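All of the numbers you see were taken from the coordinates with simple rules; none came from a lab. Not measured: the values here are computed from a predicted model. Virtual Cβ from ideal backbone geometry, glycine too; neighbours counted across all protein chains shown.
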Amino acid sequence: MQIQVLKSKLHCVTVTDANLQYIGSITIDEDLMDAANMIAGEKVQIVDNNNGERFETYIIKGDRGSGCICLNGAAARKVQIGDTVIIISYAIMDFEEAKTFKPTVVFPKPGNKL
């Protein structure tokens, strides 16, 4: 049996931009991606602590060290610049492997810095 479990999480980052005219996705500072063990194109769930929105999109790389968290396309309507969000990725794995798997959880400092 395989189950879906938490793989990694960026806990309480600040939305720095929202670009309605972009095709779609979330742009994340590449340093934050590396720290959270996330990759470009990976499906993520976004949870907005300010308004309760929950939605899914995929990651594109932002400039390293920029602190960028930008919601693009339709997702830009679900957040406001300055909102605090949690970015979550999941993995599918064998049930026995999941029992011992340790997710990567990152708690960035103000300005989305490590």
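Here are a few things to note about the model shown:
- Note on the chain: with charges restricted to the Cβ of Lys and Arg (+1) and Asp and Glu (-1), its dipole about the Cα centre is near 160 debye.
- Under 5 Å, built H, 5+ apart or other chain: amide partners of G24: G73
- Rule-of-thumb Rg ratio for the chain [Cα; 2.2 N^0.38 Å; N residues]: 1.04
- With θ taken as phi - 60° and the Karplus curve 6.51 cos²θ - 1.76 cosθ + 1.60 applied, the whole-hertz 3J(HN,Hα) list for the range 33-44 is 4, 4, 4, 8, 6, 10, 10, 4, x, 5, 6, 9 Hz, x standing for glycine and proline.
- For the range 10-23, 3J(HN,Hα) computed residue by residue from phi via the Karplus equation (6.51, -1.76, 1.60; θ = phi - 60°) reads 9, 9, 6, 9, 9, 5, 9, 7, 9, 10, 4, 7, 6, 4 Hz, glycine and proline entered as x.
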